[in-house]
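Let me begin by presenting the structure, written as structure tokens, before commenting on it.
The values are calculated or read from the model by the stated rules, or taken from the named source; none is laboratory data. As the structure is a computational prediction, the values presented were derived from the model and not from experiment. For neighbour counting, all protein chains shown are included, and Cβ atoms are generated from backbone atoms with ideal geometry for every residue, glycine included.
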């Protein structure tokens, strides 16, 4: 079930199925448990009463959530086409972080993420989130604040009051709107305090708790008083944006325009209540159902005329408000650039835009992409697709935001340096040298990307541009120019709009590498409205070329636009140039930084005596610091970069200790100036001591627990703190010893095999023995199968028919079983007949793209043969995994039931299971398991009898034939247990007779 489909009129919560918690928490139990284990700082989220209690002095994560980059000033670029507006603004409500809870404060150690870089088309970014099950008030994460500010874009937090049917509660609004006797609103004070402390720029308030029938005039009145007070106390540069939802009498009616019912939440110029209003989405429909507020049952089919936004603008003007304080909402969460919009209603041809533009979930470009490359492609088409969809010819075609909005640029002060960093990478380079080979994502390290993406004027040449994650001068990427150049050809690549006052000390330089030394680079600069072509002096430094020139002769003038010119002196069909850095400097300004001071280890957590996680903080240095590089140094003096941040707090996780009895690790924080210069003398170091080394914690995984004869399995070491691993494989037909972290073993004979792992380090060894761990059987040909796929399923409850039990067994991760309630839900599948089951694999909420906080926490697995008598075989507590894997042994069952004992990581909530797999074999028994003991006993009997037979000193061909037949049964292995018992009995009888014959013969000889 998608909230968007049911409440298409409303801005839905990012996490839409959360039920109301019994107790409000400022941080979920799952996040608390994670922090207690590894110390991970999380971005902040609250319920109203929790925010009232919040203080940065008691919040251990607060330092890590502060954005430290000042908001840059911006200038408008040159209009590229008549259709662009330089008055209309754009607000983006983006799901920049997947979840409200469990969001790291400053990025992660994975490459992928919503690394938005088309800031030139956005005037305000809202960090969209909040849910009834996690928290209603959400601040932007620190990395998002810094990325936005670097690019001159204010970023807002979200206040979200959910609809009643999705967990909304009037009590939360009452908590939020509580008023002191002196007329002040404590929650408004807190909203200002949080925004100031974390250094973000305001709040988007989305009030959707209520319905069309219930009058709440006191809430409507209180909300307007609250907004008026907030306007009074907030700084001038703080934005408060209101969503078109509540009307004067406290009911929730989406008006889709500015009118008499909602205008009072905007307010007049003299008495503003909000700085802008986000209008609901229906203005672009052919029709929508309006409601007569005087008669809620009288639903009126309203035909959209296209004049609604123009009329809204007129009302705003009468209120002495700018029409561009209104944002016409466009919901692109489901369809992205395939959304049909009546663009001429908002941007009438040949006229000024009626209002500004509001985008709901342009993060669709990331959420709908199968990989990062597709995300970049979708981003480009969404923001700068100039020609619309070539398959269509309609006024509703998506022509790209750049068709309507003029570009803006933060290149307004010196020094200006960019490495074109997207804020992520698969490695990290410093001055062209790789200092880390790990993936990373920290949007706070995002640079200013080119204003014009990608406007290239090719003459003879055929060059295109893209983001290249295989090369970088600094960070994880560069800009690659690729294509074909001709002798005498020329390409002009527009890079930046700017507003820079040039001095006698101003220099401009590029760092680039190319596969064609004969191609010549120049700059085309617009200075005081005139174009100037500037040649560059080049000097090669390794693979990278430094090209530089002075702009001193333009002293006192203004640099307005920067373009790169590539001239071809020789034909090349595979031309490539990587642009790694552009800098415009002004003498020594921005070069010097002070030494890092007051470096502290706020917390150092050691996990399993092997992994360490550390929180570092230090004092913010001089204003000329661009960012800090953080290095880790082991006891042997080896250094590696573990991250970079513009803030003065950093978290490092998964540090592997050296395997020595006494271990020390040092951390070095090195400041980097705004001109990308750093000096070792300004860095600081701090050292932590690890606890004494212990013997390893031994563990391993197997590629498959059951295979067919002739197949191999791989044992993978998962031990912690080991430096040596040995293995023993033991069974009736194998006795083998191996060494190494990963070993592959082939099994020629069926059977059941025990695996022993011996992990060791200088502190000792740990033995990990798993009896009967590997099963080799001809019944396992093709491996374990999902016996539950598309089988009949039932549950005790469901949210609706689109989230019924059957959707948990359809083999898809875009459908699910969903049922409200904290505990007591159950789901059951009928396998059709009794079969042998080995593993239960469940894909919880996170596997389907929802929050980790919604993963099922506790559940019981039951099985039955007749649906009358049930057997508990697993009781799981404390699951946090997106995909849980539970070993069921080799249980015979027809029915499998999962009982939910705790549906989420916190309290309250709903069960969300996207897929359940019951892995096993289509068989009532596995012969090698069933006959194992009988076969071992037969083999033992053979060995004992064979030894006794040798001692008899008599040859008996008939008995030897029976003995050989018994050995053949052992070699065959897969023989029914009854047959083995029969063979053993026959062997014993035959040997008993043979012994009796010898006794009789001996007695005869005596007589």
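Tell me, which residue of segment 861-880 that is outside any strand (DSSP E or B) and surrounded by 16 or more Cβ atoms within 10 Å (Cβ to Cβ) is modelled with the lowest pLDDT?
So the residue we want is 880.
Could you grab me the full set of residues in segment 904-932 that are outside any strand (DSSP E or B), more than 24 Å from residue 783 (Cα to Cα) and either out of contact with any helix residue (DSSP H, G or I) (no Cβ under 8 Å at 6 or more places or on another chain) or free of Cβ contacts under 8 Å to residues at least 24 places away in the same chain (or both)?
908
So residue 751 ticks every box in (1) assigned by TED's automatic domain parsing to the domain that holds residue 911; (2) touching a helix residue (DSSP H, G or I) at 6+ places or on another chain (Cβ under 9 Å); (3) modelled with pLDDT of 95 or more but one. Which box is left unticked?
Looking at each condition in turn, residue 751 falls short on (1).
Return a yes/no flag: does segment 896-912 have any residue that is on the phi > 0 side of the Ramachandran plot and buried (at least 18 other Cβ atoms within 10 Å of the Cβ).
yes
Restricting attention to segment 204-219, does a residue exist that is touching a helix residue (DSSP H, G or I) at 6+ places or on another chain (Cβ under 9 Å), under 28 Å from residue 149 (Cβ atoms) and either modelled with pLDDT of 95 or more or surrounded by 22 or more Cβ atoms within 10 Å (Cβ to Cβ) (or both)?
Yes, there is a match, as at least one residue in segment 204-219 is touching a helix residue (DSSP H, G or I) at 6+ places or on another chain (Cβ under 9 Å), under 28 Å from residue 149 (Cβ atoms) and either modelled with pLDDT of 95 or more or surrounded by 22 or more Cβ atoms within 10 Å (Cβ to Cβ) (or both).
Residues 116, 111: which one is modelled with pLDDT of 85 or more, surrounded by 20 or more Cβ atoms within 10 Å (Cβ to Cβ) and in contact with a helix residue (DSSP H, G or I) (Cβ under 9 Å, 6 or more places away or on another chain)?
From the options 116, 111, the qualifying one is 116.
Being farther than 20 Å from residue 471 by Cα and surrounded by 15 or more Cβ atoms within 10 Å (Cβ to Cβ) is the filter here, so list the residues in segment 520-537 that pass it.
Selection gives 520, 522, 523, 524, 525, 526, 527, 532, 534, 536.
Do we find that residue 199 is surrounded by fewer than 23 Cβ atoms within 10 Å (Cβ to Cβ), assigned by TED's automatic domain parsing to the domain that holds residue 93 and at positive phi in this structure?
Answer is yes for this residue.
What number of residues within segment 630-639 satisfy the criterion of being within 17 Å of residue 445 (Cβ to Cβ) and either surrounded by fewer than 16 Cβ atoms within 10 Å (Cβ to Cβ) or not assigned by TED's automatic domain parsing to the domain that holds residue 617 (or both)?
0
Looking at residue 795 and the list (1) surrounded by fewer than 16 Cβ atoms within 10 Å (Cβ to Cβ); (2) in contact with a strand residue (DSSP E or B) (Cβ under 8 Å, 6 or more places away or on another chain), which single condition is not satisfied?
The single condition residue 795 does not satisfy is (1).
I need the strands (runs of 3 or more DSSP E) fully contained in segment 694-748, keeping only those with at least 1 residues that are farther than 30 Å from residue 935 by Cα.
712-717, 724-731, 742-746
Kindly list the number of the only condition in (1) closer than 23 Å to residue 113 by Cα; (2) at pLDDT 95 or above; (3) assigned to a loop (DSSP other than H, G, I, E, B); (4) over 24 Å from the mean Cα position of the chain (by Cα) that fails for residue 454.
(2)
If you check 617, 533, 585, which single one turns out to be at pLDDT 95 or above and in contact with a helix residue (DSSP H, G or I) (Cβ under 7 Å, 6 or more places away or on another chain)?
617
Under the condition of being within 32 Å of the chain's Cα centre (by Cα) and surrounded by fewer than 20 Cβ atoms within 10 Å (Cβ to Cβ), which residue from segment 70-92 is farthest from residue 325 (Cα to Cα)?
70
Restricting to segment 468-511, give me the number of residues that are surrounded by 24 or more Cβ atoms within 10 Å (Cβ to Cβ) and either outside the structural domain of residue 555 (by TED's automatic domain parsing) or under 32 Å from the mean Cα position of the chain (by Cα) (or both).
So the count comes out to 11.
Could you grab the pairs with beta carbons closer than 8 Å, sequence gap of 6+ or different chains, first residue in segment 290-303 and assigned by TED's automatic domain parsing to the domain that holds residue 211, second one modelled with pLDDT under 75 and surrounded by 15 or more Cβ atoms within 10 Å (Cβ to Cβ)?
Final answer for the pair search is 298/291; 299/291; 300/291.
Give segment 540-558 a look and list any residue that's within 15 Å of residue 510 (Cβ to Cβ) and at pLDDT 95 or above, or say none.
544, 545, 546, 547, 548, 549, 550, 551
May I ask you to say which residue of 613, 598, 609 is under 30 Å from residue 759 (Cα atoms) and part of a loop (DSSP other than H, G, I, E, B)?
609
Provide a single number: the residues in segment 660-683 that are outside any loop (DSSP other than H, G, I, E, B) and within 32 Å of the chain's Cα centre (by Cα).
9
Name, by its number, the condition in (1) in contact (Cβ under 8 Å) with a residue 60 or more places away in the chain; (2) in a strand (DSSP E or B) that does not hold for residue 429.
For residue 429, the exception is condition (1).
Select from segment 820-860 the residues that are part of a strand (DSSP E or B) and at positive phi and list them in ascending order.
832 - this is the single residue of segment 820-860 that is part of a strand (DSSP E or B) and at positive phi.
Determine whether segment 833-843 contains at least one residue that is closer than 15 Å to residue 883 by Cα and surrounded by fewer than 21 Cβ atoms within 10 Å (Cβ to Cβ).
yes
Does residue 788 count as free of Cβ contacts under 8 Å to residues at least 40 places away in the same chain, touching a strand residue (DSSP E or B) at 6+ places or on another chain (Cβ under 8 Å), closer than 16 Å to residue 917 by Cα and crowded, with 17+ Cβ neighbours inside 10 Å?
Considered against the rule, which asks whether it is free of Cβ contacts under 8 Å to residues at least 40 places away in the same chain, touching a strand residue (DSSP E or B) at 6+ places or on another chain (Cβ under 8 Å), closer than 16 Å to residue 917 by Cα and crowded, with 17+ Cβ neighbours inside 10 Å, residue 788 comes out as no.
With respect to the numbered conditions (1) buried (at least 21 other Cβ atoms within 10 Å of the Cβ); (2) part of a strand (DSSP E or B); (3) in contact with a helix residue (DSSP H, G or I) (Cβ under 6 Å, 6 or more places away or on another chain), which one is the sole condition not fulfilled by residue 774?
Status for residue 774: all satisfied but (3).
Surrounded by 24 or more Cβ atoms within 10 Å (Cβ to Cβ) and closer than 24 Å to residue 373 by Cβ: which single residue out of 144, 136, 156 fits that description?
144
Just name the residue that is surrounded by the most Cβ atoms within 10 Å (Cβ to Cβ) out of those in segment 595-626 that are at positive phi and in contact (Cβ under 8 Å) with a residue 60 or more places away in the chain.
By that ranking, first place goes to 609.
Given the options 410, 390, name the one that is modelled with pLDDT under 95 and on the phi < 0 side of the Ramachandran plot.
That would be 390, the only listed residue that is modelled with pLDDT under 95 and on the phi < 0 side of the Ramachandran plot.
Limited to segment 3-50, what total is found for residues that are over 18 Å from residue 906 (Cα atoms), modelled with pLDDT of 75 or more and not in a loop (DSSP other than H, G, I, E, B)?
Residues in segment 3-50 being over 18 Å from residue 906 (Cα atoms), modelled with pLDDT of 75 or more and not in a loop (DSSP other than H, G, I, E, B): 1 in total.
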